[in-house]
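The values are calculated or read from the model by the stated rules, or taken from the named source; none is laboratory data. In this text the structure is predicted, and so the values were computed from the model without any measurement. So basically every Cβ, Gly included, is an ideal-geometry build from the backbone, and we count neighbours across all protein chains shown. All accessible areas refer to the heavy atoms of the entire protein, side chains included, with ligands and DNA or RNA removed. Shrake-Rupley method; radii C 1.70, N 1.55, O 1.52, S 1.80 Å.
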Amino acid sequence: MTCNWEAFADAEPDLAATVEQRFGAFTHHVLATLRKDGSPRTTGLEVRFLHGELWLGMMPNSLKALDLRRDPRFALQANPGAGTEMAGGDVRIAGRAVEVRDAATVARYADTVRPPDPDAFHLFRTELTEVVRTSIEDGKYLAVQLWRPGAGVRVTRRT
């Protein structure tokens with residue numbers, strides 16, 4: 001089961017706001033895809049939350065775009081930032097990336113984001129299967145918020 005960003009944000013507005021803030025704190029994040037042989041590939045990536053979707057834009061024929069065309073599964077981790085405090089916690093999103101080729105949708109994205117070459121880039125919208133936030137609560141608990149479609153947020157705390 002999957003859903004888009006808007007459906008997740010409607011279901012879990014507080015967690016969605018925290019996730020967007022974490023991704024908004026830095027420009028570059030880490031995307032994990034699967035190579036042809038099934039081994040993982042991690043690369044840097046900028047993400048956008050626009051028009052109710054989480055978008056992944058990529059240079060033409062980049063390896064990560066080719067990976068997603070072949071196998072749409074991905075994991076995305078927010079840049080933890082400088083130091084070790086990770087203000088807002090560690091945030092990860094997993095799901096499937098669906099390439100968008102509809103000219104009007106691509107043009108609307110390009111008009112907003114202004115990629116280096118608005119006529120040559122790959123655009124993927126995401127279908128979420130999992131959102132995870134790990135943070136420290138009260139200076140002593142490791143708190144893990146786990147959301148999956150249809151299940152709501154489950155919180156686990158460890159000392």
Checked the stretch 24-46 for anything closer than 22 Å to Arg108 by Cβ and touching a strand residue (DSSP E or B) at 6+ places or on another chain (Cβ under 6 Å); matches are Leu45
Neighbours by Cβ (under 9 Å, 6+ apart or cross-chain): first from the stretch 142-159, closer than 22 Å to Ala7 by Cβ and free of Cβ contacts under 8 Å to residues at least 40 places away in the same chain; second open to solvent by 60 Å² or more (accessible area, probe 1.4 Å) and assigned to a loop (DSSP other than H, G, I, E, B): Ala151/Met1
Residues being part of a loop (DSSP other than H, G, I, E, B) and of a type in the set (D, E, K, R) - total across the stretch 1-60: 5
Within the stretch 64-159, strands (runs of 3 or more DSSP E) holding 1 or more residues that are under 18 Å from Arg41 (Cβ atoms): 73-77, 90-99, 122-137
For a quick check of your reading of the model, give me the residue pairs whose first member lies in the stretch 62-84 and is more than 14 Å from Gly38 (Cβ to Cβ), whose second is among the acidic types (Asp, Glu) and open to solvent by less than 40 Å² (accessible area, probe 1.4 Å), with beta-carbon atoms closer than 7 Å and at least 6 apart or on different chains. Pro80/Asp90
